[in-house]
Amino acid sequence: PRYRPDWASLDARPLPAWFDRAKVGVFVHWGVFAVPAWGSEWFWWHWRGERRPEYERFVRGRFPPGTAYADFAPLFTARDFQPRDWARLFQRAGARYVVLTTKHHEGFTNWGSPASWNWNSLDTGPHRDLVGELGQALRESNLRYGLYHSLLEWFNPLYLADKESGFKTQNFVLKKTMPELYELVLKYKPDLIWSDGDWEAPDSYWNSTSFLAWLYNDSPVKDTVVVNDRWCNNCSCAHGGYYNCADKYKPGTLPAHKWEMCSSIDKLSWGYRSNMNIAELMDEAHIIEELVQTVSFGGNYLLNVGPTKEGVIVPIFQERLLALGRWLETNGEAIYESKPWRAQTENGTVTVWYTSKGPVVYAIFLKWPRDNILELSSPAPSPATQVTMLGFTGTLKWQESPGKGLLITLPYVLPSPLPPQSGWTVKLEGVK
């Protein structure tokens, strides 16, 4: 069927199956904001839009008098950007897809967009097609490629004029936003479009529905492409492909619609900050907890890193990504291609989260029980019940719990000077 340019028709499109199976993605926030590398990727807005004094002081103290934001672009060199190294890292992190910022709200495009003359990565800065280079490297590594794109631009004169008109004029959309979106699709054939910058104007201003109808009906990626829900000022959690709802969204109960939780290793920013400290970063246990919680509620987990202006993913971010990858090497069977089970969590003394694959149930517990006995009250055992632990050979002993459910005797773990890893999975067969 052909999709009409209205939400009733577009929302009825089935989500391509690869997205739900993938479960784990890496988000990359990269742009001119990596040059000041301070505050966050909203640097320009805080400095020039809100005129925050601490931003004024920062620029005065570090850059020549009269510096404008545009002066940062030549310093965005990407000199050490090795796309194949990135792709290998993301693969080792267990990611099945990667989403790159092609353009943030600052308007600078990470490819040579003709609609962004002299404010793009080919005309200035790196003089490279960053979107294309990363795409090629990811595809060589069999990773799906998603493109983040901001609909709005804070300081674009065309956008400001349209805003002034109460969004009755559409010069910015017709000359900038839409030409870019069509070009990104035709040139790079993305697996996913991660739209953002939607909140100020309605879909009738953005022309979102006509773009999505073309995307689903006639584009080269019509059968495989997945989109999120940020296409107009009241689309979030209501319209589009899968739902983001909000940054770092945690539903608390099982949503009826496919969703994704985006989170950042740096808790205070999505872009790189040169002054971050270890207390402001998520540790391995926190990352795994977010992943497990998200997947048990049927979501995908998109974990963000911000590279430096030279294109380096700093070692602490690499370390966190590799720790996630190691955990997934052992426990990925309970994550990838899984479905939510009838119970998502167990709030006993030990926090347990459930996923399932057909008749098999996985119980992921985040803290090791003190007495080595894992108590699960939700699964109902049968004489055929078999319990194993991912990453451990042999079966585990279990007995029926006096109340309901089962008591599982975990393997004895030798005391270790290192803190134990975060999260283990028992695989339950023959339970209801």
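The values are calculated or read from the model by the stated rules, or taken from the named source; none is laboratory data. Since this is a predicted model, take the numbers as computed values, not measurements. FYI the Cβ positions are ideal-geometry reconstructions off the backbone, even for glycines, and counts take in every protein chain you see. Surface accessibility is based on the protein's heavy atoms, side chains included, excluding ligands, DNA and RNA. Shrake-Rupley method; radii C 1.70, N 1.55, O 1.52, S 1.80 Å.
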Where chymotrypsin sites (Phe, Trp or Tyr not before Pro) fall in DSSP loop in region 175-247, at most 14 other Cβ within 10 Å: 199
GNM top mover of 333, 400, 289 - the chain, alpha-carbon springs below 10 Å: 400
Amide proton proximity set for residue 227, modelled H, under 5 Å, gap of 5+: 193, 241, 242
Relative contact order of region 7-334, pairs being alpha-carbon contacts under 8 Å that are 6 or more residues apart, as %: 25 percent
Distance between region 391-414 and region 1-38 - C-alpha centres, whole angstrom: 40 Å
Built amide H within the under 5 Å cut-off of residue 268, gap 5+: none
Centroid-to-centroid separation of region 364-387 and region 121-199 [C-alpha atoms, Å]: 48 Å
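Could you give the length gained by full extension between residue 388 and residue 413, i.e. 0.36 nm per residue of separation minus their alpha carbon distance, to one decimal place?
Between residue 388 and residue 413, full extension yields an extra 7.5 nm.
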FRET efficiency, 1/(1 + (r/R0)^6) with R0 35 Å, evaluated for residue 310 and residue 337 via beta carbons: 0.40
For the chain, share of DSSP beta bridges that run antiparallel, in % to the nearest 5: 50 percent
Mean shadow area of region 339-429 over all directions, Cα convex hull, nm²: 6.1 nm²
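Given region 53-161, report the % of alpha carbon pairs whose separation exceeds 24 Å.
Details: 2195 of 5886 pairs.
That fraction is 37 percent.
For region 97-146, rounded, prolate or oblate, judged on the Cα gyration tensor with a ≥ b ≥ c (square roots of eigenvalues), a/c < 1.5 rounded, else prolate if a/b > b/c?
On the way: a/c = 3.14, a/b = 1.88, b/c = 1.67.
The shape class here is prolate.
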222 nm mean residue ellipticity, helices alone, for the chain (DSSP H n ≥ 4; -39,500 (n - 2.57); rounded to 500): -7000 deg cm²/dmol
Principal axis dimensions, region 81-233 - Cα atoms, whole angstrom, descending: 48, 35, 24
Heavy atoms of residue 203 accessible to a 1.4 Å probe, total area in Å² rounded to 10: 40 Å²
Hydrodynamic radius (Kirkwood) for the chain, which is based on Cα pairs only, to one decimal in Å: 23.2 Å
Those Cys residues of the chain for which no other cysteine Cβ falls under 4.7 Å: 262
For residue 345, residues with placed amide H under 5 Å, excluding near neighbours: 354
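What does the accessible area per residue of the chain come to in Å², with a 1.4 Å probe and no ligands, DNA or RNA counted?
On the way: 18370 Å² over 432 residues.
In whole numbers, the chain has 43 Å² accessible per residue.
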Spin-label pair residue 182/residue 329, simplified geometry with 7 Å Cα→Cβ offset, distance in nm: 4.8 nm
Heavy-atom accessible area ranking, 1.4 Å probe, most first, across 3, 249: 249, 3
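Rounded to the nearest 20 Debye, what is the dipole magnitude of region 7-334 about its Cα centre when Lys and Arg each give +1 and Asp and Glu each give -1 at the C-beta?
Details: 34 positive and 39 negative charges, 51 e Å.
Charge dipole of region 7-334: 240 debye, to the nearest 20.
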Cleavage-rule hits, chymotrypsin sites (Phe, Trp or Tyr not before Pro), region 86-120, DSSP coil, Cβ neighbours within 10 Å at most 12: 117
